[in-house]
Structure formats: C-alpha cells, structure tokens
1. Could you look through the range 99-117, keep only residues that are more than 16 Å from the chain's Cα centre (by Cα) and in a helix (DSSP H, G or I), and pick out the one that is surrounded by the fewest Cβ atoms within 10 Å (Cβ to Cβ)?
2. Looking only at the range 53-62, decide whether some residue is farther than 19 Å from residue 128 by Cα, surrounded by 18 or more Cβ atoms within 10 Å (Cβ to Cβ), in contact with a helix residue (DSSP H, G or I) (Cβ under 7 Å, 6 or more places away or on another chain) and modelled with pLDDT of 95 or more.
3. Considering only residues that are surrounded by 17 or more Cβ atoms within 10 Å (Cβ to Cβ) and either closer than 24 Å to residue 115 by Cβ or touching a residue at least 40 places away in the same chain (Cβ under 8 Å) (or both), which ones fall in the range 36-47?
4. Check the range 40-53 and report whether any residue there is in a loop (DSSP other than H, G, I, E, B) and closer than 20 Å to residue 141 by Cβ.
5. Run down 70, 33, 6 and say which single residue is outside any helix (DSSP H, G or I), in contact with a helix residue (DSSP H, G or I) (Cβ under 7 Å, 6 or more places away or on another chain), surrounded by 20 or more Cβ atoms within 10 Å (Cβ to Cβ) and modelled with pLDDT of 95 or more.
6. So, of the residues in the range 20-30 that are within 12 Å of residue 124 (Cα to Cα) and in contact with a strand residue (DSSP E or B) (Cβ under 8 Å, 6 or more places away or on another chain), which turns out to be surrounded by the fewest Cβ atoms within 10 Å (Cβ to Cβ)?
C-alpha cells in the first residue's frame with residue numbers, strides 16, 4: 001500500500017520510527033517531513049498529507065503531532081479527508097470499516113512506539129465495509145462539506161481567538 005506520512009516537530013521521532021516500520025511491512029512510504037525536531041507548524045504537514053491522499057498519490061495518510069488533535073483538526077478542513085485521532089486499535093480499525101477514514105492521526109506524546117505500530121497495523125489492514133448505513137452517513141457528511149464550501153470561512157482568521 002502507498003502511505004503518505006507527515007509530522008510536526010512533536011511527532012518527528014515517532015514518525016521516523018514508523019517510516020522504518022512501514023517499510024519493513026512492505027509498504028511504499030512517502031515521508032513528507034518534517035525532517036528534524038525544530039519547531040514547525042502542523043497545518044503545513046496536514047495540508048501536504050491531505051493533498052497527497054486527495055490527489056490519489058497515496059491510499060492512506062498518517063499525521064503525527066504532540067497530541068494528534070491539531071493535525072486532525074487541520075486535515076479535516078479538506079473536503080474528502082476523513083481524519084481521526086486514534087490511540088487504540090479498535091478505533092483505528094472501526095474508523096476505516098464504518099467511516100472510511102483515510103487519514104490516521106497519532107499523538108506522539110500520548111502513545112509509545114509499540115502501540116503506535118499496532119494502531120497503524122489495524123488502520124492499514126482495515127477496509128471500508130460499504131454497508132448501506134455507513135454509505136448513507138458518509139453521503140450526509142459530503143452534503144455538509146458541500147454546504148459549507150459555499151460559505152465564506154469564519155473563525156480565527158476573521159474574528160481572532162474565541163470570536164473576540
């Protein structure tokens with residue numbers, strides 16, 4: 001499977017270890033950075049991973065930051081990306097089977113390497129079930145994306161923190 005993986009500085013060391021693990025499992029890996037533990041911004045890597053998945057240059061994406069949360073928030077801004085923070089194997093598997101999750105987000109300050117490997121393994125081994133109820137729910141999510149793509153962006157950039 002072709003995997004794109006990226007991290008900010010907080011996820012650099014876990015990403016580096018997971019890249020080696022993914023190669024050892026026979027995957028093709030596109031490591032888009034960061035390539036050091038110097039301070040960088042997770043939205044930049046969420047953008048790169050998301051674009052790579054959306055452009056069909058990778059089948060799945062993995063994003064790593066300190067908690068996984070920021071990377072997930074940023075990735076989910078891209079219509080068609082279904083990213084989730086998973087710190088257990090059940091959520092990683094179920095996220096793909098029921099929700100067609102295509103980007104896994106991990107928190108390097110939350111999970112250790114061995115658990116991260118198990119989570120990644122579950123994520124990559126899972127396939128979308130295609131069950132009618134899940135297809136119906138994903139169609140509703142796509143409707144939400146289309147609805148809000150028509151509206152101007154609101155939030156931090158326009159109003160500042162917490163609408164102030």
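The values are calculated or read from the model by the stated rules, or taken from the named source; none is laboratory data. Computed from a prediction, not measured in an experiment: that's the story for all the values here. All Cβ positions, glycine included, derive from the backbone under ideal geometry; neighbour counts span all protein chains shown.
1. So, considering only residues that are more than 16 Å from the chain's Cα centre (by Cα) and in a helix (DSSP H, G or I), the one surrounded by the fewest Cβ atoms within 10 Å (Cβ to Cβ) is 114.
2. Looking through the range 53-62, none of the residues is farther than 19 Å from residue 128 by Cα, surrounded by 18 or more Cβ atoms within 10 Å (Cβ to Cβ), in contact with a helix residue (DSSP H, G or I) (Cβ under 7 Å, 6 or more places away or on another chain) and modelled with pLDDT of 95 or more.
3. If the condition is that a residue be surrounded by 17 or more Cβ atoms within 10 Å (Cβ to Cβ) and either closer than 24 Å to residue 115 by Cβ or touching a residue at least 40 places away in the same chain (Cβ under 8 Å) (or both), then 42, 45, 46 are the ones that fit.
4. no
5. When all the criteria are applied, what remains is 6.
6. Looking at residues that are within 12 Å of residue 124 (Cα to Cα) and in contact with a strand residue (DSSP E or B) (Cβ under 8 Å, 6 or more places away or on another chain), I get 27.
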